[in-house]
1. Just checking, does segment 582-595 include any residue being in the same structural domain as W551 (by TED's automatic domain parsing) and under 29 Å from I386 (Cβ atoms)?
2. Where residues in segment 33-91 are touching a helix residue (DSSP H, G or I) at 6+ places or on another chain (Cβ under 7 Å) and of a type in the set (K, R), which of them is surrounded by the most Cβ atoms within 10 Å (Cβ to Cβ)?
3. Of the residues that make up segment 142-162, is at least one at pLDDT 85 or above, surrounded by fewer than 14 Cβ atoms within 10 Å (Cβ to Cβ) and outside any helix (DSSP H, G or I)?
4. Could you please find all residues in segment 255-298 being part of a loop (DSSP other than H, G, I, E, B) and either among the β-branched types (V, I, T) or surrounded by 17 or more Cβ atoms within 10 Å (Cβ to Cβ) (or both)?
5. Among (1) closer than 24 Å to L244 by Cα; (2) under 23 Å from the mean Cα position of the chain (by Cα); (3) not in a strand (DSSP E or B), there is one condition K338 misses while meeting the rest; what is its number?
6. Just to check your reading of the model, which residue among S197, S217, S202 is of a type in the set (G, A, S) and at pLDDT 70 or above?
7. Taking segment 714-745, which residues are touching an Asp or Glu at 6+ places or on another chain (Cβ under 9 Å) and closer than 17 Å to D668 by Cα?
Amino acid sequence: MKITLAVAMMLAMSMLGICIFKTYKEKNKYELAQIVRRTLITGFAIVFVNFISLLMINKTIALINYSIYFICADWMLYFLFRFSIIYMGEDFKKYVNKKIMYLVLTADCISILLNIPFGHLFSIKESTLFEDEIYFHIDTTNLFYTHYAIILMLAVFTLITLYYKAFNSPAFYRSKYLLIAIVLTVLVGMNFFMTESEIDFSVVGYVIEGVCIYYCSLVYTPQRLISKTIMDISQGMSVGLYVLDKDGEELFCNDAAEQLIKRINPPKTEDDVTLAEWCHSEYLNNTNEFTREMTFYRGEEELILKIQLQRITDGKNQLQGGYFTITNSTEDYKKLKKERYLATHDALTGIYNKERFYEKCREYFVANPTVEFYIICTDIKEFKMINDFFGTKFGDTVLTNFAYTLRNRLKLPDILVYGRLGNDIFGVLILKQHFNEQKFVTEAQNAFYYSGKGHNTFQMINYVGVYEVTNHNLPVSVMCDRARMAIASIKGDYHKRIAYYDNALRDNIMLEQELISDLGAAIAQEQFKMYLQPQMSSDGKLLGAEALVRWMHPIKGQIMPGSFIPVFEKNGLISDVDMFIWETACKQLRKWKDEGKTDLYISVNISPRDFYFLNIYQVFTDLVNKYQIDPKVIKLEITETAVVMDFNRQLELISRLRQTGFIVEMDDFGSGYSSLNMLKDIHVDVLKIDMAFLKKAEDEDRSKKILQMIISLSKQLGMPVITEGVETAEQVKFLSEMGCDMFQGYYFAKPMPVDSFERLYERNRSR
């Protein structure tokens, strides 16, 4: 018989061992699995000590085993009680004072251990059964029933909890509570009647109860089949699926949800509540289904989650479970946020775009109908050339640095609203009373010093146009247009940086538009006339002339160059006028060649703009070939400004022109970027100095010494010098003494029509 019982106990321990092992794999229900494991371990210990007592024929060992058995029974029923409360979805601490419970159990365990030497609870007796097999049983004292009372109390509390839960749950869940409760009831009965029996069959009850607890709580559930189906379908979903039972216990969590819920660093709300905690709280405390968009945080990372709760009920509208669908909308939110941002902000600079700038300005005007405002626009001179020379990356740096200046160096109360209106155009709204012209212009210009390379070889200028808001109902776009009109009036001027819009400016702009509109007809009808200003030697000999232009307008009459050349230079149309004059000059030189006047030349001006719209070398070689004239008689005047703007390119062009036979003159030397490097690096044939070089100086004697040095150095380099703007005999005298070879100015002659020049030539030749 002992062998049979031993085998049965070994099988029981094996079953319990397998269940204990499997509880370690239950990560979804960690707390429940932990308490089930402890219950099973104490049950395993009860079977094990009974197994030892069965095999060992020793009263002392039997006494020790029975003591361990009763201690394990205490703790198994305690863990079973805890299990019943947790199993029904409640917090154990809410119903039981753990400290008191531990104190009672510890006292009982100590009493049982003291029974070994003192025998105050029970003693061991020996019996012979089944063909002289020795068994042991206990002989209890009255004090033993204190221990039994504790066990009975735990059993009763557990049974009350389980039966209450069973009869207050939907039929769908009732069986899992009833099964555990019924087995426990049988176990308590068996234990009561077999306490003093030689063979304690209640041990079998402990095994059955342990297996039932494991099976019902961790293996069997009516939702298990559903969970398996959901798992197969939903594991590949990008949407998180988090399924809970009626009591809020997790049934299933797909991979997408697990990434959000069970990571080492789970996302939390601002109140430090994890996503899992939030879901459980909402599930248990919120009876309604919902869809919400919530913000969670994982460290510095912000997560936007769309969370939907769906509840599952039976035919009687009793809750059976529910599930959360969790969609990580962070990327969509960022994309939408970016789209909204780009709808109102400039992508490059991060400040308002044109539409948002107009909108914000309008808000200020509506809210402050009597306040005086300025609308200011800025425009970077020749920004397209900056992109062309230095690359768009550098151009972008220029723009972002200016936006930085608006944001950080010209901030409130200096400016109210600022934005990028397009390309290199920026707009600003400012209170008139807060506008500091000098500060604004200075900061606008200083922005370029943060641009890195480039500003040392290309003079970047930021023009500022100001429009005073006199009519708050006027469209903001019109206000900005007027501020830009003010810029247009000074563009190309190196000395002016700011202009204010007024009626006179508007009239000038209208006139400029008329001139631009009339240009095509003027060239077609040859309204432009070439005038020649003589260039003379110091003794009065006529050497040649500089070609100038006059516009003989059929309605407006004669228009001087100062009225239309700056207009055409601003928009690149100057190339059309220059081409017309160049060809007129070549025609005239061909005529003089045919008349034998081969000693005359004409100098023509090449505007800095021409270098970017025309192939200068090709144009002039085509002209001299077309009219069969010597390249030396069509002298080319290039300003130092044009050379500096693209030094290496112009250096190569000048070299090619000179090799072809053209005489290249450096025009307006001393009026712009003059330096000794110009004379050192650029090989030109003639140096042309403007007398304004002296007029600009505060110390005229010092300037004369510099002029003397330049003329002397030019002579040593083999470059003749021609001085323009000569108006007096005294100027001719001291310039001649310095070594100047040629002169041009009102002292000798004003610009004149070609026929007048020809008559002057005849008179000069006959002297």
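1. Looking through segment 582-595, at least one residue is in the same structural domain as W551 (by TED's automatic domain parsing) and under 29 Å from I386 (Cβ atoms).
2. R82
3. yes
4. Matches in segment 255-298: I264, P267, T269, V273, T287.
5. For K338, the exception is condition (1).
6. S217
7. Those that are touching an Asp or Glu at 6+ places or on another chain (Cβ under 9 Å) and closer than 17 Å to D668 by Cα: M719, P720, V721, I722, T723, E724, G725, F743, Q744, G745.
Conditions (1) polar (S, T, N, Q); (2) closer than 23 Å to V243 by Cα, marked per residue:
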{"position": "E258", "(1), (2)": "no, yes"}
{"position": "T295", "(1), (2)": "yes, yes"}
{"position": "E302", "(1), (2)": "no, no"}
{"position": "G321", "(1), (2)": "no, yes"}
{"position": "I326", "(1), (2)": "no, yes"}
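The values are calculated or read from the model by the stated rules, or taken from the named source; none is laboratory data. Everything numeric in this text was worked out from a predicted model, so none of it was measured. Using ideal geometry, Cβ is built from the backbone for each residue, glycine included, and neighbour counts are taken over all protein chains shown.
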